[in-house]
1. If the Cβ limit is 8 Å and pairs must be 6+ apart or interchain, which residue in region A:135-155 that is in contact (Cβ under 8 Å) with a residue 60 or more places away in the chain pairs with which residue that is among the aliphatic types (A, V, I, L, M)?
2. All but one of (1) of a type outside the set (Gly, Ala, Ser); (2) surrounded by 22 or more Cβ atoms within 10 Å (Cβ to Cβ); (3) within 17 Å of the chain's Cα centre (by Cα) hold for residue C:154, so report the exception by its number.
3. Return the residues of region B:63-81 that are among the aliphatic types (A, V, I, L, M) and either surrounded by fewer than 21 Cβ atoms within 10 Å (Cβ to Cβ) or more than 18 Å from residue B:203 (Cβ to Cβ) (or both); say none if nothing qualifies.
4. What do you reckon, is residue A:95 assigned to a loop (DSSP other than H, G, I, E, B), in contact with a Gly (Cβ under 9 Å, 6 or more places away or on another chain), touching a residue at least 12 places away in the same chain (Cβ under 8 Å) and closer than 19 Å to residue C:172 by Cβ?
5. Could you list, in sequence order, all residues of region C:91-121 that are part of a helix (DSSP H, G or I) and of a type in the set (S, T, N, Q)?
6. Suppose we filter A:104, A:56 for residues that are in a helix (DSSP H, G or I) and at pLDDT below 85; which single one remains?
7. Condition first: over 14 Å from the mean Cα position of the chain (by Cα), of a type in the set (Phe, Trp, Tyr) and surrounded by 17 or more Cβ atoms within 10 Å (Cβ to Cβ). Can you find one or more residues in region A:234-242 that meet it?
8. Only one of (1) touching a residue at least 24 places away in the same chain (Cβ under 8 Å); (2) out of contact with any Pro (no Cβ under 8 Å at 6 or more places or on another chain) is not met by residue D:221, so which one is it?
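The values are calculated or read from the model by the stated rules, or taken from the named source; none is laboratory data. The structure displayed is predicted, hence computed values, not measured ones. Cβ coordinates were reconstructed from backbone atoms using ideal geometry, including for glycine residues, and neighbour counts include every protein chain displayed.
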Amino acid sequence: MAKNILETQDLKAYFGNKQILKGINLAFLSNTVTAIIGPSGCGKSTFIRSINRINDLIPNFRIEGNIIFNDQDIHDKNVDEVDLRRKVGMVFQRPNPFPKSIYDNIAYGFNIYGIKDKYTIDAAVENSLKKVALWEEVKNNLSQNALTLSGGQQQRLCFARALAIEPEVLLLDEPCSAIDPISTAKIEELIHQLKKNYTIIIVTHNMQQAARVSDYTAFFLLGELIEFGKTDGIFTAPKDKRTEAYITGRFG
Amino acid sequence: MERHLDENLTELKTNLLNMGAMVQKCISDSIESLKTLDTSKAKEVIECDEKIDKCELKIDEQCLDLLVLKQPVAVDFRFVTMVMKITNDLERIADLAVDISERVLELSGKPHLKPLIDIPKLTVIAQKMLEDALTSFINQDAELAKEVILRDTEANHLRDLIQEELIKDFIVKDSNSVTRAIPLLLIARHLERICDHTTNIAEYIIYMVEAKIVKHRSSEL
Amino acid sequence: MNRKALNNFWDKLFKLLGITSISFGLLVLLALIIDVIIDGYPRITLNFFKSFPSRKPEMAGILSAWVGTIWIMVITALISIPIGIGAGIYLEEYAPKNKFTNFIEINIANLAGVPSVIYGLLGLGFFVRYMNLDRSVLAGGLTLALLVLPVIILSTREALRAIPSSIREASYALGATKWQTIRNQLLPAAIGNILTGIILAMSRAMGETAPLITVGALTYIAFLPQNPVIIKDSFPFMGISFQGLFDPFTVLPIQIYNWVSRPQKGFITDAAAGIMVLLILTLIMNSIAIFLRYQNQKRVRW
Amino acid sequence: MLGRKKFILGLKEKLIEKLLFLCSFLSVLTTFGIIFILSAESIEFFKEVPVLSFLTDTQWTPLFVNKHFGILPLLCGTILTTFIAISVALPIGLISAVYLSEYASDKTRNIIKPLMEILAAVPTVVYGYFALLFITPLLKKIIPSISGFNALSSGLVMGIMIIPLVASLSEDALRSVPNGLREGAYALGSTRLQLSFKVIFPAALSGIIAALILAISRAIGETMIVAIAAGQQPRLTLNPLVPIETITAYIVQVSLGDTPHGTLEYRTIFACGMTLFLLTLCLNIISFKLKKKFQEIYE
């Protein structure tokens, strides 16, 4: 039975004195894809970057409210953010492979966790590359530097890298904004496949993409959650005028 | 913000209203020809139908283009898809006007069985319903559309009256009157069908405006 | 002349001026090298490297000088490289943005601009006198280590700053700790540029004269610091001795300075020969650094 | 078990951070060390020599029987050589910088910049040799009255030495002027020369001044060239043709001798060092602030 794997309760975020998120209440069902849309500066990136606490790295960043992951507040003293990030994977806007071999990129997650068994790592490399449909393209060149791959391949490698350590939630911060349409289509297909095993939250500027890949859609505006609902509902009959104005392009 | 899409939508709206006006004219012409038993007017209606068919095809094509090229969402999406359905019903209404005209041709050369009273009444209802439906489309007025839907029962009732009268007073009593009574019976039916299609249009308009599906649930209105 | 031709003329004139200006410094460098080669070439023999300095110019050599230079460089490198890289990492990756960090930053920028002779005074007051290291190799090496520290810190920071933050985010997002990220991602990616900075710093340390004079390097020395590797007769046949750290020393530039300030013509030849050796070493180190930097720039961009 | 592992990992992280902090803290200790050592010995010095006479006496003869402790002659020597050096380095360095940043192709730049770096990497003792044994004889042919040790040749060579510094720092400043400004000026129909000197140069001025100040500070602190080629005669003169002595050269002179620890002569070098330190510190801070300000404008 589907349950809320992740929930934010009155989440407020600040950079210095500037409030970016103004009390977001959102719940994410497991094994669903939720798209977060909204104009630039609406706080959608800040929102998903708060979920794996990667924003904690930014000085002056501050959070209020709760983020509940698997029934536990992620800011609880007992929660190790390093541990959290293993369970909540992330793929970023621009492909950011490490300047190392394809193999090492994926093996990194294991190395830092002290897993040295070559058999395990080999299997995971193959497995995750197969998941992202990159295996056939690179299986003979695993020692090649990842930066020599095309942009779309790099991004799929980043997906594979995140999947290798088997997270429960996958955060995607505009994963297709810097790559070509063919690769975008491949990644959208991938997201569809991954839904079976992961809970996915995707931030996107591309509304068609949100409509294509997601089950639920949340619309953010100026740090507030304006509307949340099933994607088909949002795109045929949004309830809020602001949502409608945004998705039909009448915004501003 | 001004959008290029708005231009397309306005054009679509204008085309649909033109089509609506043509359909309205077909209805009034066919009824006019019935009243005067003027065959030339009835023929005009039949010719006009061809134009309306072409118009339907053109509007449908425009809608398909918009869907694939502009990928409209929300209110725009509802507008385009509902326009497609409205043209379909409008075309059917035009077909019914043609049917009426064909009945008029069958009746030509013979005097009316009796002075026409209820059929013009039904015609007025049908014409008013279509006019209001088109007005509610222009103004995106869901309330007016709801009134249109409610008026359909009145039309049904009137058709039943006409049917009953024609059967009881003429067909049953005088078998000679059958050839003149049956076309009238059918015309009443056609008019009532026009009201049904208009009801459909009104339902589409309500979905277009309020994103509420009222079809097959008119009791909820 | 019309306007266009006039503009063209001034443009050309300035171009000429620019080329002249740039060539001026380079021509001087060329003149310097040729002058030194003419003066010093006759003295470049094997004996020159194998002999201690002497009262007789034609007998004098740079044995104690180059051995001293190697000692000093090794000590300087061993101390300044780990500390410099560590400080660079701290300031770039760990340091909170506050007044104290800001103070450290200004402080390092200033230290990079403090005249080297001042470091010599620091070495003299602190290492030689206060720590009682006397005029030893160790005191000299420590002094130079402090001198080149800001250079290494600054180049480490620059190298780290050049790494896009997306690499850090990617690593953290996979659950790496800060140190894991630094050790596995940032340092390997930055090491080329850091190495360039280190080689330049070492090249500078090799040519430094004033601070070592102040610390008290001797100008005339006819013995070597004790060899750290001692050959023994019995197992394990080798031992390591740190005694050499506390021996007096001289270095190449000081030897050269000493010869330059002698009136006899023969010592000028010795000085020129010493300069040839020093210049060749400097050129080699700088070329390596420039080559390394070029290689780093050529590498695939993120 | 896992908790223990995590605990150790966390401990390791904290330990490493502390260790790295100590590394950077060493730089602060260095500065305090310099200030402490210089002031400790200077205070002893000023106990015997009043500050006023240190600053106003026109003679510097601490090693003679008739001792005078006036910093002015040394300061004068320093200023004289610095002035000569800057007069050489500033125009040549600036023109080179404008040429490199606005005129030269990438290819030329890639060849010239490393060569400039080598010019800067030549050990100063080599420049000293060059000044004494190449430039001075050359000058003697033009100005027969010049003495064997003089401020002119060491100043000139020092200038050549700091050309790369001026050129590369100024070029950095010029190149950090945003391209939009260049395109804007071209769009208004400027020639390249007008663009360089009327638009780019003023825009980069504070960056260039920062470079200039740093160059002055470097010239003031330069030791070996003047120790070798300028002589060892403290003299209150602006004549570049006679032997003089700079602050730095004096420190070297005393260090080479066998001045016993704890004597007044020994302390003079710390008083000199203090003067030198304060002078360069002020210049460095001004330069640093100017550069920061300049960077803020264009970021």
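1. Taking only residues 6 or more apart or on different chains, the pairs are A:155/A:91; A:155/A:178; A:155/A:179; A:155/A:187.
2. For residue C:154, the failing item is (2).
3. Answer for region B:63-81, where residues must be among the aliphatic types (A, V, I, L, M) and either surrounded by fewer than 21 Cβ atoms within 10 Å (Cβ to Cβ) or more than 18 Å from residue B:203 (Cβ to Cβ) (or both): B:64, B:66, B:67, B:68, B:69, B:73, B:74.
4. yes
5. C:101, C:102, C:107, C:110, C:116
6. A:56
7. yes
8. (2)
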